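In what follows, a single structure is set out as C-alpha cells and then discussed.
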Amino acid sequence: MADIQGSPGAPRAGRVAVLVSRFNEMVTNLLLEGARACLREHKVPDGKVDVVWVPGAFELPVAAEVAAASGRYTVIVALGCVIRGETAHFEYVAGEAARGLANVSIAHRVSVGFGVLTTETLEQAMARAGGRGGNKGYEATEAALTTAAVLSQLTGAAPRD
C-alpha cells in the first residue's frame with residue numbers, strides 16, 4: 001500500500017494564483033509577504049506566480065472561481081482579513097468567503113489555501129500576519145502546496161503549468 005502525503009519540501013505545483021484583498025491592506029500586505037516567502041522557500045519560480053488584488057474578502061471566492069475555471073492553476077491562495085465590527089457584517093463576509101472558497105476547491109478539484117483572517121481586533125490580525133502568531137499567509141500557502149501535491153498523487157496527474 002502506498003503512503004500518500006504531500007511533502008512541503010517538494011511541492012508539485014504548476015502555476016499559483018495568490019488572491020489578495022485590498023481591504024485591511026496593512027494586514028494583507030504582510031500575509032502576501034508570508035505567502036511569497038513560502039513560495040520562494042519551496043522553490044516555486046516567480047514566473048509561475050500571479051498575484052491578483054480584489055476589493056475585499058467577499059470578492060475572493062468569485063476571483064478564485066474564475067482562476068480555477070481557467071484551468072491555469074494547480075494552487076490558489078486566498079488572503080484577506082475580516083475584523084469584527086459592531087454589526088453582523090463580519091459574520092456574513094467571513095462565512096461567505098469561507099463557504100465560497102471551499103466550494104471552488106471542491107467543484108474544481110484544485111487546492112485553495114484559506115488565508116483569510118477572522119479576528120476581533122486589528123492587534124489580533126497583526127499578530128497573525130507576521131507577529132507572535134506567525135504568518136497565516138505563509139501557512140495557507142504551505143497547506144495549499146501540500147494539498148496540491150496530494151491531489152496530484154491521488155489522480156496520478158502531473159501539475160499543469
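What follows is calculated from the coordinates using simple rules that are stated; it is not laboratory data. Computed from a prediction, not measured in an experiment: that's the story for all the values here. Here the Cβ is made from the backbone with ideal geometry for all residues, glycine too, and neighbour counts use every protein chain on show.
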Please state the shape class of segment 18-152: rounded when a/c is under 1.5, otherwise prolate if a/b exceeds b/c and oblate if not, all from the C-alpha gyration tensor.
oblate
Rounded, prolate or oblate (a/c below 1.5 giving rounded, otherwise prolate when a/b exceeds b/c) for segment 27-70 by Cα gyration tensor:
oblate
Helical contribution to [θ] at 222 nm, DSSP H n ≥ 4, -39,500 (n - 2.57), averaged over the chain, rounded to 500:
-15000 deg cm²/dmol
Please list, in chain and number order, the residues 5+ apart from T118 or on another chain whose amide H is under 5 Å from its amide H, with Hs placed from the backbone.
V82
Ignoring GluC sites (Glu not before Pro) that are buried or in helix or strand per DSSP, and keeping those with at most 13 other beta carbon atoms within 10 Å, what is the longest stretch of the chain between them?
1-85
